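First up is the structure itself, then whatever we jot down about it.
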């Protein structure tokens with residue numbers, strides 16, 4: 001008499017799904033979970049198998065092959081365990097992005113005294129970690145340049161005719177950008193689809209000015225909506241005293257013609273004190289109004305519709321600033337998650353991050369972006 005056919009074993013991926021199901025429904029009994037396995041995977045397992053699976057640590061399921069039925073050991077199981085534990089503790093209440101997970105992995109790696117030679121944390125490593133642990137990205141529901149190459153080349157030649165009348169250190173560019181200073185990622189890592197949360201779109205305007213050699217960076221100009229934000233102890237002047245920033249306010253936190261010209265007069269005065277005649281390149285935004293001739297600054301407007309191709313600040317300088325700001329914000333988010341902090345980043349903290357991030361943009365980066373714009377003779 002032949003023996004009854006044996007049900008195929010659960011793969012590691014299926015075992016992981018069983019464990020995650022048990023995690024999400026802790027009151028589910030082993031027998032109920034057994035029936036769920038049968039209906040989901042069409043496989044029959046014993047309640048003792050269910051019990052063993054739900055008691056296994058997350059690192060048990062680590063394998064590069066999700067169809068395997070046996071686990072492969074990871075090189076650093078303690079790091080894996082701590083990172084998985086961190087993720088599961090916080091996935092329901094916080095937005096966990098790749099950046100946050102990599103940053104936390106770096107902290108654990110440092111605590112465990114694992115050297116860079118032993119383990120290099122990278123996006124590739126993180127992708128494998130997420131695959132091993134059933135983690136995927138879920139979206140939280142809640143400027144193209146059409147200029148032709150001929151137009152861009154012509155604009156560059158015209159600008160070179162103007163810029164070659166000045167030394168590179170006397171050629172400046174000014175531009176502003178919107179900064180959504182506490183906007184979380186629009187995707188979060190999770191083991192199941194999550195409902196979206198309303199995204200915080202608090203915005204400030206940040207403006208920058210620097211010369212072609214990267215040796216002179218003006219204080220960043222930050223425009224908020226309040227004259228004296230409630231996060232500024234003792235008022236704006238006292239809160240920002242000693243900080244390398246020029247703070248203004250408007251109803252919608254946009255740059256205005258009056259703010260721009262006030263800044264421009266201050267810039268002209270600084271050049272006059274240094275006895276320098278300089279060139280300032282700006283785009284033709286409606287707020288960039290020059291209502292009178294300046295003694296030490298010649299203002300030249302960049303050709304309309306071509307600024308993304310010829311403006312140095314658009315060639316990577318602002319992007320470099322935002323990348324550095326993002327790293328600081330991600331670190332703050334991780335610290336907030338671990339510290340159980342529920343409040344949002346405030347404006348004073350965002351300004352401090354902006355000052356530090358602008359300070360971190362190197363002279364080499366600035367010079368390279370000016371070279372990339374090809375509006376100054378090499």
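Just so you know, all these numbers are worked out from the coordinates, no wet-lab data involved. As the structure is a prediction and not an experimental result, all values here were calculated from the model. Don't worry about glycine lacking a Cβ; one is built from the backbone with ideal geometry, like all the others, and counts go over all protein chains shown.
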nm² value of the averaged projected area, convex hull over the Cα atoms of the stretch 149-373: 15.2
157, 248 arranged by Cβ crowding within 10 Å, fewest neighbours leading: 157, 248
Under 18 Å from a point 7 Å along the Cα-to-Cβ line of residue 341: which residues of the stretch 157-185 have their amide N that close? 181-185
Could you list 367, 292 in order of exposure, starting from the residue whose Cβ has the fewest other Cβ atoms within 10 Å? 292, 367
For the pair residue 162/residue 131, report the inter-label distance in nm, with labels modelled 7 Å from Cα in the Cβ direction. 5.2
Under the rule a/c < 1.5 gives rounded, and otherwise a/b versus b/c splits prolate from oblate, where does the stretch 259-367 land using the Cα gyration tensor? prolate
Using the 2.2 N^0.38 Å rule of thumb for compact globular proteins, work out how the stretch 74-134 stacks up: its C-alpha Rg over that value, please. 1.05
Suppose each label sits 7 Å from its Cα in the direction of the beta carbon; what would the residue 332-residue 154 distance come out to in nanometres? 4.6
Could you work out how much longer the chain between residue 293 and residue 269 gets when fully extended? Use 0.36 nm per residue separation minus the Cα distance between them, nm to one decimal. 7.3 nm
